[in-house]
Amino acid sequence: MRRIDYDVAIVGAGMVGAALAQLLARADFKVAVLERDGLIEQRDPAVHDARVSAINPGSERILAAAGAWDTIAGYRISPYVRMFVWDANSSGSIEFDSAELGVTHLGTIVENNLVAYALHQELLHTANVRVLAGVEVAAFDSVGDRVTLKLSDGAIIRAGVLVGADGAGSWVRKTLDIEIESRDFGQLGIVSTVATELGHRQTAWQRFLSTGPLAFLPLADGHCSIVWSCEQNTAAELMSRNDERFASELARAFEFKLGGVVEVGPRKTFSLRSSHARQYVGKRTALVGDAAHVVHPLAGQGVNLGFQDAAALAEVMIEARALNKDIGGELTLRRYERWRKGENLLMYHAMNGIEKLFGTDHEFVSEVRGLGLRLTNAIGPLKSVFAHRAMGLSGDLSKFAG
Ligand SMILES: Cc1cc2nc3c(=O)[nH]c(=O)nc-3n(C[C@H](O)[C@H](O)[C@H](O)COP(=O)(O)OP(=O)(O)OC[C@H]3O[C@@H](n4cnc5c(N)ncnc54)[C@H](O)[C@@H]3O)c2cc1C
């Protein structure tokens with residue numbers, strides 16, 4: 001039976017786990033990455049993925065520090081310079097413009113598979129990373145300064161720290177018995193790629209309907225990626241429509257901002273929930289990304305928060321090692337938890353609050369909401385504070401994002 005020792009073992013090679021692995025490996029940590037589903041390095045990155053993320057400039061910096069950004073940008077990315085958000089039940093709207101905010105772009109729309117592909121390429125070519133794909137951890141135990149992991153294929157490995165980057169249903173979190181606070185929005189997000197009559201003008205669009213937000217995100221080839229969040233029954237009806245009928249209802253729900261919808265790609269749904277772990281760390285263990293927190297996709301913040309977790313955890317471990325301290329000791333891991341929990345909790349409550357605020361067509365609430373949007377739009381400094389936070393350029397940032 002092989003027994004191998006690592007500094008850090010990461011369960012889950014999604015976008016967040018893979019980014020953390022690279023940040024640590026580039027700082028000479030010996031890293032094991034365990035991924036249940038195998039890596040996607042053999043998939044053809046030329047094939048488009050319908051699932052995209054709005055990656056903010058802070059995350060771009062983190063992905064550059066992880067060595068993946070140039071590969072991603074070498075395929076296809078779609079930077080957007082404007083964001084327009086409006087309310088279906090009031091005259092309120094808000095617009096963000098990169099030139100006004102003094103930045104080159106507000107964010108970049110990237111396919112999830114492309115981000116994972118670029119990170120996985122790096123992982124496979126980094127000497128001090130060992131990727132164990134197609135395996136799961138059967139059990140783990142922390143004794144002294146090591147965590148011992150028993151794998152599904154019978155192998156045993158040891159590490160100074162075990163990180164759960166295994167997504168919203170995190171097995172690591174459940175095994176640690178960490179409770180979550182959660183909310184089911186009772187909504188499904190319909191995701192598809194569509195072609196519109198008018199060009200997207202490098203703008204991310206979002207209309208708040210009382211049934212849920214509808215986003216059109218600009219893609220590099222002129223198409224848009226849509227996320228249409230709506231109540232489950234409405235979503236089921238929309239999914240049952242043929243493409244032509246779906247396209248016409250979609251264009252109407254979007255107030256024909258880009259004219260008609262002339263083509264619709266395959267549609268997929270995702271159930272929408274939010275959750276937040278009561279603790280991010282345990283004995284020699286830590287959670288990052290969706291394993292620790294899930295937010296409503298209405299502001300495109302989920303994976304961006306996860307990248308900030310990865311950067312913060314890498315930074316505290318790098319600093320601990322430089323000071324000859326224990327990288328998996330309670331002081332080190334608690335520092336990570338204190339750093340990230342407040343920031344993520346703020347975003348978790350903000351997204352839940354926005355979803356609730358816009359999820360009603362009550363006349364008085366709609367008027368107050370519209371006024372709030374108009375005022376924020378008119379007050380430049382306030383708007384700039386919100387925008388910089390959403391771009392991942394303000395707050396308590398890691399050196400990888402700053
Ligand atoms: C409709 C929709 C739109 C979104 N849009 C945006 C957006 O625009 N911007 C944004 O920032 N975020 C967005 N998000 C959120 C974003 O997709 C997630 O936050 C992100 O994918 C989480 O990444 P992760 O690496 O933490 O987890 P995951 O992507 O879930 O990865 C977890 C990995 O762990 C592996 N795994 C799981 N269990 C085990 C196990 N037991 N052993 C080994 N491996 C395991 C899985 O196979 C997977 O590879 C959106 C979400 C939805 C639903």
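Coordinate-derived values only; no laboratory data. Just so we're clear, the structure is a prediction, and the values are computed from it rather than from any experiment. In this analysis, Cβ positions are derived from the backbone assuming ideal geometry, glycine residues included, and neighbour counts consider all displayed protein chains.
Hey, got the dipole for the chain? About the Cα centre, +1 on K and R Cβ, -1 on D and E Cβ, debye to the nearest 20? Before the final figure, lay out the partial values.
Values: 42 positive and 47 negative charges, 176 e Å.
Using Cβ point charges on Lys, Arg, Asp and Glu, the chain gives about 840 debye.
Expected output is a single nm value to one decimal: the length gained when fully extending between ILE156 and GLU179, i.e. 0.36 nm times separation in residues minus the C-alpha distance. What is it?
5.5 nm
Let me spell out the model: positive unit charges on the Cβ of Lys and Arg, negative unit charges on the Cβ of Asp and Glu, origin at the Cα centre of segment 26-74. What dipole size does that give, in debye rounded to 20?
My answer is approximately 160 debye.
Can you give me the convex hull volume of the Cα atoms of the chain, divided per residue and expressed in Å³?
Once divided by residue count, the hull of the chain is 138 Å³.
Please quote Rg/Rh for segment 271-377 to two decimal places, taking the Kirkwood radius as Rh and restricting both calculations to Cα atoms.
Radius of gyration relative to Kirkwood radius: 1.14.
Please report the antiparallel percentage of the DSSP beta bridges confined to segment 1-104, to the nearest 5. It would help to have the intermediate numbers written out before the result.
On the way: 5 of 9 bridges.
In segment 1-104, DSSP labels about 55 percent of beta bridges as antiparallel.
Between SER91, SER366, SER142, where does the largest GNM mean-square fluctuation fall for the chain, given springs only between Cα atoms within less than 10 Å?
Residue with maximal mean-square fluctuation among SER91, SER366, SER142: SER91.
For segment 305-402, give the magnitude of the charge dipole about the Cα centre (Cβ charges: +1 Lys/Arg, -1 Asp/Glu; no others), in debye to the nearest 20. Display every interim value, and only then the final one.
Numbers: 13 positive and 12 negative charges, 54 e Å.
So the magnitude is around 260 debye.
Of all DSSP beta bridges in segment 132-263, what percent run antiparallel (nearest 5)?
Roughly 95 percent of the beta bridges in segment 132-263 run antiparallel, per DSSP.
Calculated from DSSP H runs of 4 or more alone, at -39500 (n - 2.57) each and per residue, what is the 222 nm mean residue ellipticity of the chain, nearest 500? Numbers along the way, then the final one.
Numbers: 12 runs with 146 residues, N = 402.
Per the formula, -11500 deg cm²/dmol.
Where is the GNM fluctuation largest for the chain (alpha-carbon springs, 10 angstrom cutoff): VAL137, VAL294, VAL47?
Fluctuation is largest for VAL47.
Using a 10 Å cut-off around each Cβ, can you sort LEU114, LEU132 from fewest to most neighbouring Cβ atoms?
By the 10 Å Cβ count, ascending, the order reads LEU132, LEU114.
Can you tell me which of GLY289, GLY154, GLY74 moves the most in a GNM of the chain? Springs connect C-alpha atoms under 10 Å apart.
Looking only at GLY289, GLY154, GLY74, the largest GNM fluctuation is found for GLY74.
Nearest-5 percent of antiparallel DSSP beta bridges in the chain? Could the numbers behind the result be given before it?
Details: 57 of 84 bridges.
Percent antiparallel among DSSP bridges in the chain is about 70.
By counting other Cβ atoms within 10 Å of each Cβ, how are ARG130, ARG241, ARG252 ranked from fewest to most?
On the way: ARG130 18, ARG241 15, ARG252 11.
Neighbour counts put them in this order, fewest first: ARG252, ARG241, ARG130.
Can you find, among VAL129, VAL52, TRP69, the residue sitting farthest towards the positive end of the charge dipole of segment 44-130, where Lys and Arg contribute +1 and Asp and Glu -1 at Cβ?
Ranked along the dipole, the leading option is VAL129.
Each residue of segment 226-240 in turn: what ³J(HN,Hα) in whole Hz from Karplus with 6.51, -1.76, 1.60 and θ = phi - 60°, glycine and Pro shown as x?
Once θ is set to phi - 60°, the couplings for segment 226-240 become 10, 10, 10, 8, 8, 4, 4, 5, 4, 4, 4, 5, 5, 5, 7 Hz.
Counting other C-beta atoms within 10 Å, which of VAL8, VAL129 has the fewest, and how do the rest follow?
So the residues, fewest neighbours to most, are VAL129, VAL8.
Distance cut-off 31 Å, Cα to Cα: go down the list LYS150/LYS325; LYS268/LYS356; LYS325/LYS383 and report the pairs above it.
Pairs exceeding the cut-off: LYS325/LYS383.
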